[in-house]
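None of the figures in this text is laboratory data; all of them are computed from the coordinates on show. No experiment lies behind these values; they were computed from the predicted model shown. Positions of Cβ are generated from backbone atoms using ideal geometry, with glycine treated the same way; all protein chains shown enter the neighbour counts.
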Amino acid sequence: MNYVYILKCKDGSLYTGYTNNLERRIKTHNNGKGAKYTRCRLPVELVYYESYETKSDAMKREYCIKQMSREVKVKLISNK
């Protein structure tokens, strides 16, 4: 399974990514070994995710979410 996820960072900002192991990826972020963006905004909290069969579908959705405004992302998160 492949996942698209949104993290809420300590500073309140949102980070979107994709992975094939959600639990491990969140731990990696919180250990300071994840994306450069999240390293100085720890800890991060998983606030949203979606599951996809293929990596390609997850990456397409990740791109789509990254194009959204913060306001739209907050609505997406609150509708889960």
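Observations
- Of the residues 48, 5, the one with the fewest other Cβ atoms within 10 Å heads the list, and the complete ranking is 48, 5.
- Among the lysines of segment 2-78, pairs at least eight places apart or on separate chains and with Cα atoms under 18 Å apart come to 15.
- For the chain, alpha-carbon Rg and Dmax in angstrom: 11.8, 32
- Rounded to whole Hz, the Karplus (6.51, -1.76, 1.60) HN-Hα couplings of segment 8-24, x for glycine and proline: 9, 8, 4, 7, x, 6, 10, 10, 10, x, 9, 7, 10, 9, 4, 4, 5
- Taking each DSSP H run with n ≥ 4 as -39500 (n - 2.57) and averaging over every residue of the chain yields -12000 deg cm²/dmol at 222 nm.
- Order of 69, 51 under a 10 Å beta carbon neighbour criterion, fewest first: 69, 51
- Working note: Karplus 6.51/-1.76/1.60 with θ = phi - 60° gives segment 63-70 the couplings 4, 4, 5, 5, 7, 6, 6, 4 Hz, where Gly and Pro are set to x.
- Centroid-to-centroid separation of segment 55-70 and segment 15-46 [C-alpha atoms, Å]: 17
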